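Nothing in this text is a laboratory measurement; each read-out follows from the coordinates by a stated rule. Quantities reported herein were computed from a predicted structural model and do not represent experimental measurements. Cβ atoms come from the backbone with ideal geometry, glycine included; neighbour counts cover every protein chain shown.
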Amino acid sequence: MDTFELDSKYVAGTYKRFPVEIVSGKGSVLTDSDGKNYIDLGAGIAVNTFGAGDKDFKEAVTGQLDMIQHTSNLYYSRPCTELAKILCERTGMKKVFFNNSGAEANECAIKAGRKYGTDRRGEDCYTIITLRNSFHGRTITTLSATGQDKFHELFRPMTPGFVHVTPGDFEEFKSVCENNKIAAFMFECVQGEGGVVPVDADYIKKAAEYCKQNDILLMVDEVQTGNGRTGKLYSYMNFDIEPDVVTTAKGLAGGLPIGACLLGSKVENIFGYGDNGSTFGGNPVSCAAAVSIIKRIDDKLLDGVVRKGRMVREALKDAPGIESVTGLGLMLGIKTVKPASEVISSCIEKGVLCLSAKDKVRLLPALNIPDDLLRDAVEIIKQCSI
Ligand SMILES: *Cc1c(COP(=O)(O)O)cnc(C)c1O
């Protein structure tokens, strides 16, 4: 049996896959099992920060593998400690809890939010506000946080303690805070899975200010927007706000599983011994990879992200079949006249891999994608959108 047949026989049917088997890659060019090449505009859903087979990434990973692959959290470990230090220095946050995925990082943030609220304002202060159209993960509790009903339907009852509000409607936000005991507000600055929808900057500022005045934790889900994706190290840095909790995952380790929950000064000591844990959390190979990735996300790279994002927008501006482009930096959502799925399928035939988000074609390329590849790929998207 070939891989397609084996997969449909043995792998749980949760993914509607494209008929492509990727076997290798170099930078932003991937090769399938038939030897066909593709320009990669998805980077494994914003994971392969510097593309495939990146030299520094491989050296960091293999260097650590030559030492030891895993130690457990019973002992000290340099890569995890060093990563925590770099993340705190680059964000002003105070402490980091490591786990293995975006959903887990958000679970940790939710625990921090509940403990902070109940410690300070009584046992009924545990509710967390999230936004409609948000996405926070696939565990039952992060699904409950997710403000999209379609994710809730099959798995009720949802975890209690979440209220969803409409992004941009500050009056509603305020009124929910005034009429309920609210521990925290958690949101994405650009709603990724929700269709690459940026949240209104003025709303973010007002909500952040309100949270500060009312001792409500401000928690930013940077799982998709983080690690340079939007042209800043973390997307909240575009909005002149100071979050109390930041979660990150996807691109942090450049292709290996990792999640991190960054805790600011209000919550740096929220967890004591035994209050949270993770077998693989802080894994030295993932952390060594992440250290090498974060060190390379400097101003020069970030300027490149902004410039490349602008280049894509300009190339798509007023193009036939393109209705609009949304997003920030190299996190872009393209609304096409044709259904996004049709555009994505024709792109695959022509050797370009794009993602989707709701009704949009979504681009999350490696941050170092060469200009010529990006230009060629966008030309193909244009052709496929007519
Ligand atoms: C992908 C994503 C998650 C979930 O991350 P996993 O690693 O799949 O658990 C959470 N929040 C946002 C904003 C995401 O984009």
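Points worth noting:
- Percentage of interatomic Cα-Cα distances in the chain larger than 31 Å: 37 percent
- Debye intensity ratio I(q)/I(0), log10, segment 1-73, q values 0.23, 0.24, 0.28 Å⁻¹ (C-alpha model): -1.04, -1.06, -1.18
- Contact order normalised by residue count of the chain, Cα under 8 Å, 6+ apart, percent: 23 percent
- Of the chymotrypsin sites (Phe, Trp or Tyr not before Pro) in segment 270-353, the ones in a loop by DSSP (not H, G, I, E or B) with at most 14 other beta carbons within 10 Å are TYR273.
- Relative to the Cα centre, the charge distribution of segment 96-223, modelled as +1 at Lys and Arg Cβ and -1 at Asp and Glu Cβ, gives a dipole magnitude of about 300 debye.
- Eligible aspartates and glutamates near LYS26 by straight Cα distance, threshold 12 Å, same-chain separation 8 or greater: ASP40, ASP54
- Applying 0.36 nm per residue to the separation of GLU379 and ASP298 and subtracting their alpha-carbon distance, the gain on full extension is 26.3 nm.
- Rounded to 0.05, the FRET efficiency of the GLN69 and GLU178 pair, given R0 = 56 Å and the Cβ-Cβ distance, is 0.65.
- DSSP-defined beta bridges in the chain - what % are antiparallel, rounded to 5: 65 percent
- Here is the list for segment 65-108: chymotrypsin sites (Phe, Trp or Tyr not before Pro) lying in DSSP coil, each with at most 11 other C-beta atoms within 10 angstrom of its C-beta, are TYR75, TYR76.
- Cα gyration tensor shape for segment 68-295, rounded if a/c is under 1.5, else prolate or oblate: prolate
- Solution diffusion estimate, µm²/s, Stokes-Einstein, segment 50-180, Kirkwood Rh from C-alpha pairs, 4 °C, viscosity 1.567 mPa s: 72 µm²/s
- Residue-averaged 222 nm ellipticity for the chain, from DSSP H runs of 4+ at -39500 (n - 2.57), nearest 500: -11500 deg cm²/dmol
- Only Cα pairs under 8 Å and 6+ residues apart enter the sum, and on that basis the relative contact order of segment 115-269 stands at 18 percent.
- A straight Cα-to-Cα reach below 12 Å connects LYS181 with the aspartates and glutamates GLU123, ASP124, ASP215, residues fewer than 8 places away in its own chain not being considered.
- Approximating the spin labels as points 7 Å out from Cα along Cα→Cβ, the GLU268-to-PHE18 distance works out to 4.5 nm.
- Of the chymotrypsin sites (Phe, Trp or Tyr not before Pro) in segment 153-182, those whose Cβ has at most 14 other Cβ within 10 Å and which sit in DSSP loop: none
- Per-residue HN-Hα couplings for segment 142-159 [Karplus 6.51, -1.76, 1.60; θ = phi - 60°; Hz; x = Gly/Pro]: 6, 5, 5, 5, 5, x, 9, 4, 4, 7, 8, 3, 7, 10, 5, x, 6, 5
- Isotropic mean projected area of the C-alpha convex hull, segment 251-320 (nm²): 8.0 nm²
- Diffusion constant of segment 200-292 at 10 °C, which comes from Stokes-Einstein with the Kirkwood Cα-pair radius and 1.306 mPa s, µm²/s: 109 µm²/s
- Residues of segment 257-295 with amide N under 16 Å of the 7 Å Cα→Cβ point at THR118: 270-277
- Over 32 Å between alpha carbons, listed pairs LYS205/LYS338; LYS16/LYS85; LYS115/LYS300; LYS206/LYS250: LYS205/LYS338; LYS16/LYS85; LYS115/LYS300
- Remark on HIS164: its backbone amide H falls under 5 Å from those of THR130, a criterion applied only to residues 5 or more positions apart or on other chains, H modelled at 1.01 Å from N.
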